Amino acid sequence: RQLAIVSGTFDWTVTESLCLPPTNTKPLMQGPIETVKRRKVRCFVLLRDPISRFVSYWLERSDRRLEKNGRRTLADVPLEEFQAYLESVKAENLRMEGTETGYGCNREVGLCLSPLPRPTPNGDSSAVEPSETNEEDFSESPSFRIFQGPQNRLARMLDPEGGLRPRFSVAARRLRRCTVGIISKSHRSDLRAVLADRLPWIREVKMAADSEVHVADITQELGETPVKSYATGGHIPGTGVRPTGIRDAKRNHWYSSESEWLRRNLTEEAKEALRQFNDVDTPLYELGLEIFRHQAAVARLRMAWSALERSRGSINNNSNNNNNNDNISRLRLNETILHNRLNETILSNHSWRHHFDTLGLPATRFMTDGLKCLLTSRAMQCARFLGMEWPDDQDAVIDIQEVKQLIRATFPPHAAAYLTD
């Protein structure tokens, strides 16, 4: 009952249970049981177009075997092969080890309640121990398999009771109870309006003009040839575009340029295959977009009305300058409607350590940084964890076996074994 905000990747079960009243354990002989009202839950859900969401998810979490060691991109995969891949990673077909996040474990903090038997497509459980298999036996990487993969993830989170085949009606009803945001530059202004109206305590975080350039800030010039975002190289030598001035505090946008290139170059047939893959999430996103637009319109009306009331009050207090005040009130009203601004926080440093080291938590930091290194295999993440020098404006992918060798060479055996074994 003390919690004000809980942020993370949760399904609706958690949303409901967080607001249940505490269990009253007072014996009956001590008097009547006190009644405690449920706390009102206010949920905030960020949505993304299912095609863009899949491309981003695939770039960041997939083992990318479909690329054949970089000889092609996702946009080059023949349609039949792409459809067969999507079939293999559907929630009901995705082979699970039993230690993925959302399935008895949270790999991001290194915690497993217990390794569970692997579910199989027919619903039975396999008794084979995880140590008896290797990653080649699975259709995708562990980070891809979290929460049973990306298919209809939004609907499954809103309707966990529906299992692997979530119900649109249930998910839609629950989505309507939430504040909805859309992840898209084209909806940024409306998102600011919705948040300023419904969740005004949320702040927009930006980087100062003189702050260090992070690799996530660098985008690639896009042409006909593919690029990779996390390095100024890739399929071809790329041209990195460095930001200037105050900018968004991008932290995890490793693949933004590559994602944009892929979305431009996927065929319409491939996009339709992705819509069918997310057959519940696709109409659910369209509904979410309607909800979002309605909430944005209401937010702008409320802000305009509030600004108009303030302007009228100002005019009444200064009746001698009616014309001048009337013009000022119109300007303020237009500014309120067109430029809804959240409160801003300007940072000078991207580093988690810079902002949170004073809190201590060394074991948590060890697990968090170590798992970032293991799950991403990126030089930048691993260099920080291993205490090696590496520039903030470059990155590269390291072979996972080399990563494990570096961890074993850097840390005491028991600590290294907890991460690598």
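The values are calculated or read from the model by the stated rules, or taken from the named source; none is laboratory data. Because the structure is predicted, anything quoted here is derived from the model rather than measured. Because the Cβ atoms are built from the backbone with ideal geometry, glycine has one as well, and the counts that use them run over all protein chains shown. Just the protein is used for accessible areas: all its heavy atoms, side chains included, with ligands, DNA and RNA removed. Shrake-Rupley method; radii C 1.70, N 1.55, O 1.52, S 1.80 Å.
Annotations for the structure displayed:
- Among the residues here, Thr179 qualifies as hydroxyl-bearing (Ser, Thr, Tyr), touching a residue at least 24 places away in the same chain (Cβ under 8 Å) and either farther than 28 Å from Gln394 by Cβ or open to solvent by less than 20 Å² (accessible area, probe 1.4 Å) (or both).
- Some residue of the stretch 232-241 being over 16 Å from the mean Cα position of the chain (by Cα), open to solvent by less than 30 Å² (accessible area, probe 1.4 Å) and either of a type in the set (Phe, Trp, Tyr) or modelled with pLDDT of 80 or more (or both): no
- Total residues in the stretch 259-310, condition at pLDDT below 95, touching a helix residue (DSSP H, G or I) at 6+ places or on another chain (Cβ under 7 Å) and among the basic types (Lys, Arg): 3
- Close pairs (6 angstrom Cβ cut-off, 6 or more residues apart or separate chains): in a loop (DSSP other than H, G, I, E, B) in the stretch 256-273, open to solvent by 10 Å² or more (accessible area, probe 1.4 Å) anywhere: Leu266/Ala75
- For the stretch 140-147, the count of residues that are open to solvent by 70 Å² or more (accessible area, probe 1.4 Å), under 30 Å from Ile291 (Cβ atoms) and modelled with pLDDT of 60 or more is zero.
- Scanning the stretch 124-139 for residues that are open to solvent by 20 Å² or more (accessible area, probe 1.4 Å) and assigned to a loop (DSSP other than H, G, I, E, B), we see that the one that is modelled with the highest pLDDT is Ser139.
- Scanning the stretch 38-76 for residues that are open to solvent by 70 Å² or more (accessible area, probe 1.4 Å), part of a loop (DSSP other than H, G, I, E, B) and either at negative phi or modelled with pLDDT of 95 or more (or both) yields Arg38, Arg39, Lys40, Arg42, Arg71.
- For the stretch 77-96, filtering for residues that are within 21 Å of Glu224 (Cβ to Cβ) and surrounded by 15 or more Cβ atoms within 10 Å (Cβ to Cβ) leaves 2.
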